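Only one structure is covered here, and it is reproduced in the block below.
The values are calculated or read from the model by the stated rules, or taken from the named source; none is laboratory data. Keep in mind it's a predicted model, so treat the numbers as computed, not measured. Counting neighbours? That spans all protein chains shown, and the Cβs are built from the backbone with ideal geometry, glycine included. Keep in mind that these areas ignore ligands, DNA and RNA; they rest on the heavy atoms of the full protein, side chains included. Shrake-Rupley method; radii C 1.70, N 1.55, O 1.52, S 1.80 Å.
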Amino acid sequence: AVLITILKHPTGSTVQIGHDVNVEVGSLALPRGVHFESFYDQGDFIAGSIKGTRDSIAIGVLLAMVVLFAFLRSWRMTMVIMLVVPATLATTVLCLNAVGLTINIMTLGGMAAAVGLIIDDAIVVIEYVFTRLAHRHPAAGERPATLAASIGPTLHDLMPAIIGSTASTIVIHIPLAFLGGLTGAFFTSLSVTMVIAMLVSFILSISLAPLLASELLRE
C-alpha cells in the first residue's frame, strides 16, 4: 500500500480540495488490481458539521417564530420578523465574504447565537409600530401607505434605546476579536460574525422592518 497525504495551503478549502481529489482520482486509468481508498477526509467532517449547524439555525428560527406568534398573537407581526431574519443572515454572509471570512463552524455558530439578538431589534420596532397603530382611529378605507405616518415618530422615540442595546451587545464582543493564539483563532471569527450580524440587524430593524410593517400591519 502507498499512503498519500494531501496538505492544503492556509487559504485553501478543505471541502473543495477533498472534492477535487476525488474527481481527479476517479479520472485516473488505474491498472487492474489497483484502487484508491480514502482513509480520512476532513472535508466530510466539516461538511457534516456545517450542515448540522445550518439545520440548527433553521430550527431555531422556526421555534422563535412559534414563540413570537404564541405571545404576540399576530401572524402579520410574525411574518414581518420572519422576513427580516433571513434578510439579516443573508446580508451578514455577504459582509463576512467582503471581510475575508468563510462559512465555517465558528461563523455559523456566531450567526446562530445572534439570531435571538436579531429578533430582539425587530420585535421592539414592530411591536411599537403595532401599538401606535392600535391607538389610531383612521378613516374608513384608509390605505396601508397612510399607515407609514406612524413610522417616523416610532423610530424617533425608539432610536436611543435601539442604539444603546445594540452598542452594549457589540462592545462585549470587541475584546474577543483581539485575542491571540489558538483561542483567538477560534473566537475572532465568532466575535466578528456577531458584531456584523448585530450591525446589520440594527440597520434593517430601522429600515426594512418598518417598511414591511407599513405594508403588512393593519388596524
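For Pro138, indicate whether it is at pLDDT below 70 and open to solvent by 30 Å² or more (accessible area, probe 1.4 Å).
Yes: the conditions hold for Pro138.
I need every pair where a residue in region 50-62 that is within 13 Å of Leu89 (Cβ to Cβ) has its Cβ under 8 Å from the Cβ of a residue that is among the β-branched types (Val, Ile, Thr), sequence separation at least 6 or different chains.
Thr53/Ile105; Ile57/Val115; Gly60/Val115; Val61/Val85; Val61/Val115
In region 17-33, is there at least one residue being acidic (Asp, Glu) and in contact (Cβ under 8 Å) with a residue 24 or more places away in the chain?
No.
Hey, could you check region 31-57 for residues that are acidic (Asp, Glu) and in a helix (DSSP H, G or I) and say which is surrounded by the fewest Cβ atoms within 10 Å (Cβ to Cβ)?
This residue is Asp55.
If the requirement is being within 30 Å of Ala185 (Cβ to Cβ), at pLDDT 75 or above and either surrounded by 15 or more Cβ atoms within 10 Å (Cβ to Cβ) or of a type in the set (Phe, Trp, Tyr) (or both), which of these qualifies: Gly100, Gly110?
After applying the criteria, what remains is Gly110.
In region 167-187, how many are surrounded by 15 or more Cβ atoms within 10 Å (Cβ to Cβ) and either modelled with pLDDT of 85 or more or of a type in the set (A, V, I, L, M) (or both)?
3
Hey, among Leu28, Leu94, Leu7, Leu3, which residue is closer than 21 Å to Ile203 by Cα, open to solvent by 60 Å² or more (accessible area, probe 1.4 Å) and modelled with pLDDT of 85 or more?
That would be Leu94, the only listed residue that is closer than 21 Å to Ile203 by Cα, open to solvent by 60 Å² or more (accessible area, probe 1.4 Å) and modelled with pLDDT of 85 or more.
Being assigned to a helix (DSSP H, G or I) and either under 15 Å from Met194 (Cα atoms) or in contact with a Lys or Arg (Cβ under 7 Å, 6 or more places away or on another chain) (or both) narrows it down to one residue among Gly60, Gly109; which is it?
None of the others qualify; the one that does is Gly109.
Return only the number of the condition from (1) under 16 Å from Val115 (Cβ atoms); (2) open to solvent by 50 Å² or more (accessible area, probe 1.4 Å) that Val23 does not satisfy.
Looking at each condition in turn, Val23 falls short on (1).
Can you tell which of Leu63, Leu72, Leu89 is aliphatic (A, V, I, L, M), surrounded by fewer than 17 Cβ atoms within 10 Å (Cβ to Cβ), in contact with a helix residue (DSSP H, G or I) (Cβ under 7 Å, 6 or more places away or on another chain) and under 27 Å from Val129 (Cα atoms)?
None of the others qualify; the one that does is Leu72.
Just checking, does region 47-56 include any residue being of a type in the set (S, T, N, Q), over 16 Å from Leu117 (Cα atoms) and at pLDDT 85 or above?
No, region 47-56 contains no residue that is of a type in the set (S, T, N, Q), over 16 Å from Leu117 (Cα atoms) and at pLDDT 85 or above.
Just a yes or no: is a residue in region 67-75 under 21 Å from Phe186 (Cβ atoms) and not in a helix (DSSP H, G or I)?
No, that holds for no residue.
Which of the residues spanning region 75-86 are open to solvent by less than 50 Å² (accessible area, probe 1.4 Å) and either touching a Lys or Arg at 6+ places or on another chain (Cβ under 9 Å) or within 16 Å of Asp55 (Cβ to Cβ) (or both)?
Scanning region 75-86 gives a single hit, Val85.
I need the full set of residues from region 10-20 which are in a helix (DSSP H, G or I) and open to solvent by less than 100 Å² (accessible area, probe 1.4 Å), in order please.
Thr14, Val15, Gln16, Ile17, Gly18, Asp20 - these are the residues of region 10-20 that are in a helix (DSSP H, G or I) and open to solvent by less than 100 Å² (accessible area, probe 1.4 Å).
When region 87-102 is examined, which residues are found to be over 16 Å from Leu211 (Cα atoms), in a helix (DSSP H, G or I) and touching a residue at least 24 places away in the same chain (Cβ under 8 Å)?
Listed by number, the residues that qualify are Leu89, Thr91, Thr92, Cys95, Leu96.
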